[in-house]
Amino acid sequence: MAQFESCFVVDGYRFLPYHDKAKVESRAVDKFKFKPGDVIVVGFPKSGNTWLVEVLKAMYNDWGLEKYGEAESAVFLEERTLYKNYFSDKRKEFVETVKCEDIPSPRLMRTHIPATLFPCHLLKDKGVKVIHISRNPKDVLVSAYYFWKSWAHGALSTGDWEQTVNDFIEDRQAFTPWVRHVGDWSLKGIEDNVFQVTYEEMKQGLPRVVTKMANFLHRPLTEEDIDRVVRTTTVEVMRNSLSKFLVLDDDIIPEGENPMVRKGIVGDWKNHFTVAQSELFDSKIGEKIRSINPNIPYQ
Ligand code: A3P
């Protein structure tokens, strides 16, 4: 079964079967008890969310995290507010064992929830900061294609490459429409307590991005700190340390695989898109995002 057949739609967005439609519709996330100092990484899936979380974790050693076994991970907000099914039994046990309200501030969190379904208006009042990551959607799509092939042993696969491209363009994949998701979040600024980063700028110069984020968080770092952050968050280091940042079991990924770290490069789309697919993507996705926010990476 193609992924889109198992998704449901709320506010125009496709949600996965893990989500609870009633909770999404009733905006259950609004009731989450945010606390001053919470920092939330938000981004369309496969934009580099996990890397950004690991970079933030490496920047400061006092984050409130979900600790379970050797894993220390950012609170996954939808799992705490919008899910009806967990990825696996291990994940269920994890969520039931680690209570969010017991996690000390400053808590680090992550989410893929679209801006229109998120309590953005509350964040500033509560002193909650958001860091939004965006990435060239062609690379996002290549990344998603491989991710869903292996996740849950392919149960939520996006189909073959041709179908994957078409479903993304036609907004039939999980979390699409990408243009609206990224467009809405990307237009929020410092005045909303939202800071913008891109995967491409992290690849190009991580120290600069780390310095800017440290300023946004009002927690400056030394050059030694920044060197350490860069050294400890490379693709190679992260590829070999999945168990340190994610609690998963074999129901979800084949043993020994790391679904969160693949190539970790800019421009892998050139190895996948045909000229015709790229041109179609440009006319349906590229033109729209440029008209909404020309600062979003697009190639
Ligand atoms: P690719 O599949 O293109 O390699 P997300 O965390 O939002 O799901 O994003 C996953 C993407 O981030 C994957 O892209 C993954 O390889 C990449 N990624 C993970 N860790 C990285 C790192 N340390 N440096 C660069 N890219 C990384």
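The values are calculated or read from the model by the stated rules, or taken from the named source; none is laboratory data. All figures in this text were calculated on a predicted structure; none of them were measured in a lab. In this analysis, Cβ positions are derived from the backbone assuming ideal geometry, glycine residues included, and neighbour counts consider all displayed protein chains. What goes into the accessible areas is simple: the full protein's heavy atoms, side chains included, and nothing from ligands, DNA or RNA. Shrake-Rupley method; radii C 1.70, N 1.55, O 1.52, S 1.80 Å.
Look through Leu221, Leu280 and report the one residue that is at pLDDT 95 or above and either in contact with a Lys or Arg (Cβ under 7 Å, 6 or more places away or on another chain) or over 26 Å from Val75 (Cβ atoms) (or both). So that I can check it myself, show each step before the final result.
On the way: Leu221 fails: either in contact with a Lys or Arg (Cβ under 7 Å, 6 or more places away or on another chain) or over 26 Å from Val75 (Cβ atoms) (or both).
The conditions single out Leu280.
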Scanning the range 24-40 residue by residue, the ones that are surrounded by fewer than 18 Cβ atoms within 10 Å (Cβ to Cβ) and in a helix (DSSP H, G or I) total 4
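Could you look through the range 85-142, keep only residues that are of a type in the set (Ser, Thr, Tyr), farther than 16 Å from Gly183 by Cβ and in contact (Cβ under 8 Å) with a residue 60 or more places away in the chain, and pick out the one that is surrounded by the most Cβ atoms within 10 Å (Cβ to Cβ)? Before you say what the answer is, go through the steps one by one.
In the first step, residues of the range 85-142 are kept if they are of a type in the set (Ser, Thr, Tyr); the result is 86, 88, 97, 105, 111, 116, 134.
Right, trim to farther than 16 Å from Gly183 by Cβ and you get 86, 88, 97, 105, 111.
If we keep only those that are in contact (Cβ under 8 Å) with a residue 60 or more places away in the chain too, we end up with 86, 88, 105, 111.
On the way: Tyr86: 16, Ser88: 17, Ser105: 13, Thr111: 22.
Once the filter is applied, the top-ranked residue is Thr111.
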Being under 20 Å from the mean Cα position of the chain (by Cα), of a type outside the set (Phe, Trp, Tyr), modelled with pLDDT under 95 and not in a helix (DSSP H, G or I) is the requirement here; does Asn295 meet it? no
Taking the range 259-268 as the search range and keeping residues that are within 9 Å of the ligand (Cβ to nearest atom) and open to solvent by less than 30 Å² (accessible area, probe 1.4 Å), which one is farthest from the chain's Cα centre (by Cα)? Asp268
Matching residues, the range 8-26, being touching a Ser or Thr at 6+ places or on another chain (Cβ under 9 Å) and not acidic (Asp, Glu): Gly12, Tyr13, Arg14, Leu16, Pro17, Lys23
Counting only residues that are in contact with a strand residue (DSSP E or B) (Cβ under 9 Å, 6 or more places away or on another chain) and either open to solvent by 50 Å² or more (accessible area, probe 1.4 Å) or outside any helix (DSSP H, G or I) (or both), the range 216-258 contains a total of 5
So the check is Cβ under 6 Å with 6+ separation or different chains; which pairs have a first residue in the range 32-59 that's in contact (Cβ under 8 Å) with a residue 12 or more places away in the chain and a second one that's assigned to a loop (DSSP other than H, G, I, E, B) and among the charged types (D, E, K, R)? Ser47/Arg135; Gly48/Arg135
Which members of the range 259-282 meet the condition of being outside any loop (DSSP other than H, G, I, E, B) and of a type outside the set (A, V, I, L, M)? Asp268, Trp269, Lys270, Asn271, Gln277, Ser278, Glu279, Phe281, Asp282
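Name the helices (runs of 4 or more DSSP H) wholly inside the range 95-209 in which the number of residues that are within 15 Å of the chain's Cα centre (by Cα) and within 14 Å of the ligand (Cβ to nearest atom) is 1 or more.
Those helices (runs of 4 or more DSSP H) span 137-150, 178-186, 199-204.
I'd like to verify a number: residues in the range 143-158 that are of a type in the set (Gly, Ala, Ser) and surrounded by fewer than 19 Cβ atoms within 10 Å (Cβ to Cβ), how many?
Here is the first cut: in the range 143-158, the residues of a type in the set (Gly, Ala, Ser) are 143-144, 150, 152, 154-155, 157.
Filter once more, so that each one left must be surrounded by fewer than 19 Cβ atoms within 10 Å (Cβ to Cβ): 150, 152, 154-155.
Residues meeting the conditions: 4.
Go through the range 41-73 and count every residue that is part of a strand (DSSP E or B), away from the ligand (no atom under 14 Å from the Cβ) and not acidic (Asp, Glu).
In the first step, residues of the range 41-73 are kept if they are part of a strand (DSSP E or B); the result is 41-43, 64, 66-68, 71-73.
Narrowing the set further to residues that are away from the ligand (no atom under 14 Å from the Cβ) leaves 64, 66-68, 71-72.
When the remaining residues are screened for being not acidic (Asp, Glu), the result is 64, 67-68, 71.
The qualifying residues number 4.
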